[in-house]
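The values are calculated or read from the model by the stated rules, or taken from the named source; none is laboratory data. Just so you know, these numbers come straight off a predicted model, no measurement behind them. Here the Cβ positions follow ideal geometry from the backbone for every residue, glycine too, while neighbour counts run over all protein chains shown. Surface areas here come from the heavy atoms of the whole protein model, side chains and all, with no ligands, DNA or RNA. Shrake-Rupley method; radii C 1.70, N 1.55, O 1.52, S 1.80 Å.
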Amino acid sequence: MKKVLIGAAVLASLAAGSVAAQVPADRAVKYRQSALTVMSTSFGRIGAHLKGDIKLDNAALASNAEVVSLMSHYAFDGFIQGTPQPSTTGKGAKAEIWKEWDKFKKMQGDLQAATARLSTAAKAGDAEGIKTAFGEAGKSCKACHDAYRDQ
Ligand code: HEC
(Lines give C-alpha, C1' and ligand atoms only; values in the text may rest on other atoms or scores of the structure.)
Protein backbone atom coordinates (compact mmCIF):
# COMPACT_ATOMS: atom_id res chain seq x y z
CA MET A 1 0.00 0.00 0.00
CA LYS A 2 2.75 2.38 1.03
CA LYS A 3 4.62 1.58 -2.19
CA VAL A 4 1.51 2.29 -4.24
CA LEU A 5 1.07 5.65 -2.53
CA ILE A 6 4.69 6.62 -3.12
CA GLY A 7 4.39 5.53 -6.74
CA ALA A 8 1.26 7.63 -7.12
CA ALA A 9 3.02 10.64 -5.58
CA VAL A 10 5.95 10.27 -7.97
CA LEU A 11 3.61 9.99 -10.93
CA ALA A 12 1.60 12.99 -9.78
CA SER A 13 4.71 15.13 -9.43
CA LEU A 14 6.04 13.93 -12.79
CA ALA A 15 2.72 14.82 -14.36
CA ALA A 16 3.05 18.26 -12.80
CA GLY A 17 6.36 18.58 -14.65
CA SER A 18 8.71 18.59 -11.69
CA VAL A 19 9.90 16.24 -9.03
CA ALA A 20 10.84 19.22 -6.83
CA ALA A 21 13.41 17.49 -4.67
CA GLN A 22 14.31 20.75 -2.84
CA VAL A 23 18.04 20.06 -2.84
CA PRO A 24 20.05 22.07 -0.27
CA ALA A 25 22.54 24.33 -2.13
CA ASP A 26 25.58 22.97 -0.25
CA ARG A 27 24.81 19.47 -1.49
CA ALA A 28 23.66 20.40 -4.99
CA VAL A 29 26.82 19.38 -6.85
CA LYS A 30 27.05 15.97 -5.19
CA TYR A 31 23.32 15.45 -5.66
CA ARG A 32 23.29 16.17 -9.39
CA GLN A 33 26.49 14.21 -10.07
CA SER A 34 25.08 11.23 -8.18
CA ALA A 35 21.76 11.33 -10.05
CA LEU A 36 23.62 11.69 -13.38
CA THR A 37 25.82 8.73 -12.46
CA VAL A 38 22.79 6.58 -11.66
CA MET A 39 21.10 7.69 -14.89
CA SER A 40 24.22 6.96 -16.89
CA THR A 41 24.64 3.49 -15.37
CA SER A 42 21.15 2.39 -16.40
CA PHE A 43 21.47 4.14 -19.76
CA GLY A 44 24.76 2.32 -20.33
CA ARG A 45 23.15 -1.04 -19.51
CA ILE A 46 20.48 -0.43 -22.15
CA GLY A 47 23.19 0.65 -24.60
CA ALA A 48 25.19 -2.52 -23.94
CA HIS A 49 22.04 -4.55 -24.58
CA LEU A 50 21.41 -2.76 -27.88
CA LYS A 51 25.00 -3.41 -28.94
CA GLY A 52 24.58 -7.09 -28.07
CA ASP A 53 27.26 -7.05 -25.35
CA ILE A 54 24.76 -8.15 -22.69
CA LYS A 55 21.25 -9.55 -22.86
CA LEU A 56 18.53 -7.91 -20.74
CA ASP A 57 15.01 -9.32 -20.53
CA ASN A 58 11.98 -7.05 -20.95
CA ALA A 59 11.59 -6.52 -17.20
CA ALA A 60 15.21 -5.42 -16.82
CA LEU A 61 14.95 -3.13 -19.85
CA ALA A 62 11.79 -1.55 -18.43
CA SER A 63 13.26 -0.99 -14.97
CA ASN A 64 16.51 0.48 -16.33
CA ALA A 65 14.54 2.77 -18.64
CA GLU A 66 12.37 3.89 -15.74
CA VAL A 67 15.46 4.77 -13.70
CA VAL A 68 16.81 6.78 -16.65
CA SER A 69 13.52 8.62 -16.99
CA LEU A 70 13.19 9.41 -13.27
CA MET A 71 16.83 10.49 -12.91
CA SER A 72 16.54 12.74 -15.97
CA HIS A 73 14.18 14.77 -13.78
CA TYR A 74 15.89 14.47 -10.40
CA ALA A 75 19.40 15.30 -11.71
CA PHE A 76 18.36 18.78 -12.76
CA ASP A 77 16.97 19.67 -9.34
CA GLY A 78 20.66 19.83 -8.37
CA PHE A 79 21.48 22.68 -10.78
CA ILE A 80 21.05 25.55 -8.37
CA GLN A 81 22.20 29.11 -9.03
CA GLY A 82 25.77 29.70 -7.84
CA THR A 83 26.87 26.05 -7.74
CA PRO A 84 29.07 25.51 -10.83
CA GLN A 85 32.02 24.02 -8.91
CA PRO A 86 34.36 21.80 -10.91
CA SER A 87 33.65 18.13 -10.35
CA THR A 88 36.24 15.69 -9.04
CA THR A 89 36.43 14.26 -12.57
CA GLY A 90 37.51 17.66 -13.96
CA LYS A 91 34.38 17.71 -16.09
CA GLY A 92 32.19 20.01 -14.08
CA ALA A 93 29.29 22.25 -14.96
CA LYS A 94 30.13 25.41 -16.89
CA ALA A 95 29.08 28.77 -15.49
CA GLU A 96 27.33 29.46 -18.84
CA ILE A 97 24.48 27.26 -17.64
CA TRP A 98 23.29 30.01 -15.34
CA LYS A 99 23.73 32.70 -17.98
CA GLU A 100 21.87 30.72 -20.64
CA TRP A 101 19.29 29.19 -18.33
CA ASP A 102 16.45 28.99 -20.89
CA LYS A 103 18.63 27.15 -23.38
CA PHE A 104 19.86 24.77 -20.68
CA LYS A 105 16.24 24.17 -19.56
CA LYS A 106 15.22 23.41 -23.14
CA MET A 107 17.98 20.80 -23.41
CA GLN A 108 16.75 19.21 -20.18
CA GLY A 109 13.27 19.08 -21.65
CA ASP A 110 14.57 17.38 -24.80
CA LEU A 111 16.29 14.73 -22.68
CA GLN A 112 13.24 14.20 -20.47
CA ALA A 113 10.96 13.80 -23.49
CA ALA A 114 13.31 11.23 -25.03
CA THR A 115 13.71 9.28 -21.76
CA ALA A 116 9.92 9.24 -21.29
CA ARG A 117 9.61 7.70 -24.78
CA LEU A 118 12.36 5.23 -23.89
CA SER A 119 10.51 4.17 -20.75
CA THR A 120 7.17 3.85 -22.56
CA ALA A 121 8.75 1.76 -25.33
CA ALA A 122 10.55 -0.48 -22.81
CA LYS A 123 7.36 -1.08 -20.83
CA ALA A 124 5.62 -2.07 -24.06
CA GLY A 125 8.48 -4.40 -25.05
CA ASP A 126 8.83 -2.35 -28.26
CA ALA A 127 12.39 -3.09 -29.41
CA GLU A 128 12.36 -0.62 -32.32
CA GLY A 129 10.93 2.12 -30.09
CA ILE A 130 13.64 1.48 -27.50
CA LYS A 131 16.34 1.80 -30.16
CA THR A 132 14.92 5.06 -31.54
CA ALA A 133 14.38 6.72 -28.16
CA PHE A 134 17.79 5.56 -26.94
CA GLY A 135 19.42 7.24 -29.94
CA GLU A 136 17.50 10.46 -29.37
CA ALA A 137 18.38 10.52 -25.67
CA GLY A 138 22.03 9.86 -26.51
CA LYS A 139 22.11 12.82 -28.88
CA SER A 140 20.62 14.92 -26.14
CA CYS A 141 23.38 13.92 -23.66
CA LYS A 142 26.07 14.84 -26.16
CA ALA A 143 24.53 18.17 -27.19
CA CYS A 144 24.32 19.34 -23.60
CA HIS A 145 27.75 18.06 -22.58
CA ASP A 146 29.32 19.77 -25.61
CA ALA A 147 27.71 23.06 -24.59
CA TYR A 148 27.63 22.98 -20.81
CA ARG A 149 30.14 20.52 -19.38
CA ASP A 150 33.90 21.07 -19.14
CA GLN A 151 35.62 18.82 -21.66
C1 HEC B 1 20.76 19.59 -20.14
C2 HEC B 1 22.15 19.21 -20.03
C3 HEC B 1 22.56 17.78 -19.86
C4 HEC B 1 22.01 16.66 -20.45
C5 HEC B 1 20.85 16.58 -21.39
C6 HEC B 1 22.80 15.55 -19.96
N7 HEC B 1 23.78 15.97 -19.13
FE8 HEC B 1 25.17 14.81 -18.23
N9 HEC B 1 25.98 16.45 -17.35
C10 HEC B 1 25.59 17.75 -17.57
C11 HEC B 1 26.44 18.65 -16.82
C12 HEC B 1 26.34 20.15 -16.80
C13 HEC B 1 27.35 17.84 -16.11
C14 HEC B 1 28.42 18.30 -15.12
C15 HEC B 1 27.77 18.33 -13.73
C16 HEC B 1 28.71 18.71 -12.61
O17 HEC B 1 29.81 18.12 -12.51
O18 HEC B 1 28.34 19.59 -11.81
C19 HEC B 1 27.02 16.46 -16.48
C20 HEC B 1 27.70 15.36 -15.97
C21 HEC B 1 27.41 14.06 -16.29
C22 HEC B 1 28.08 12.92 -15.70
C23 HEC B 1 29.22 12.95 -14.67
C24 HEC B 1 28.67 12.95 -13.25
C25 HEC B 1 29.79 13.02 -12.22
O26 HEC B 1 29.89 12.12 -11.39
O27 HEC B 1 30.59 13.96 -12.24
C28 HEC B 1 27.54 11.82 -16.29
C29 HEC B 1 27.91 10.37 -16.01
C30 HEC B 1 26.51 12.27 -17.20
N31 HEC B 1 26.45 13.64 -17.18
C32 HEC B 1 25.75 11.44 -18.00
C33 HEC B 1 24.73 11.89 -18.85
C34 HEC B 1 23.97 11.01 -19.71
C35 HEC B 1 24.18 9.52 -19.85
C36 HEC B 1 23.06 11.79 -20.36
C37 HEC B 1 22.00 11.41 -21.34
C38 HEC B 1 21.22 10.21 -21.08
C39 HEC B 1 23.28 13.16 -19.89
N40 HEC B 1 24.30 13.17 -19.00
C41 HEC B 1 22.55 14.23 -20.33
C42 HEC B 1 24.56 18.16 -18.38
C43 HEC B 1 23.70 17.33 -19.07
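Listing for the model above:
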quantity: Any helices (runs of 4 or more DSSP H) falling wholly within segment 1-99 and containing at least 3 residues that are within 11 Å of the ligand (Cβ to nearest atom), at pLDDT 95 or above and of a type outside the set (A, V, I, L, M); calculated: 28-51
quantity: Selection count, segment 17-66, where residues are within 15 Å of the chain's Cα centre (by Cα), surrounded by fewer than 20 Cβ atoms within 10 Å (Cβ to Cβ) and among the β-branched types (Val, Ile, Thr); calculated: 4
quantity: The listed residue being of a type in the set (Lys, Arg) and without any contact (Cβ under 8 Å) to a residue 40 or more places away in the chain, out of Lys131, Lys91, Lys106, Lys123; calculated: Lys106
quantity: Yes/no for Ala116 being under 15 Å from the mean Cα position of the chain (by Cα) and surrounded by 14 or more Cβ atoms within 10 Å (Cβ to Cβ); calculated: yes
quantity: Count of segment 116-151 residues which are closer than 22 Å to Val29 by Cα and not aliphatic (A, V, I, L, M); calculated: 10
quantity: Scope segment 134-151; condition open to solvent by less than 30 Å² (accessible area, probe 1.4 Å) and either away from the ligand (no atom under 12 Å from the Cβ) or in contact (Cβ under 8 Å) with a residue 40 or more places away in the chain (or both); matching residues; calculated: Ala137, Gly138, Cys144, Tyr148
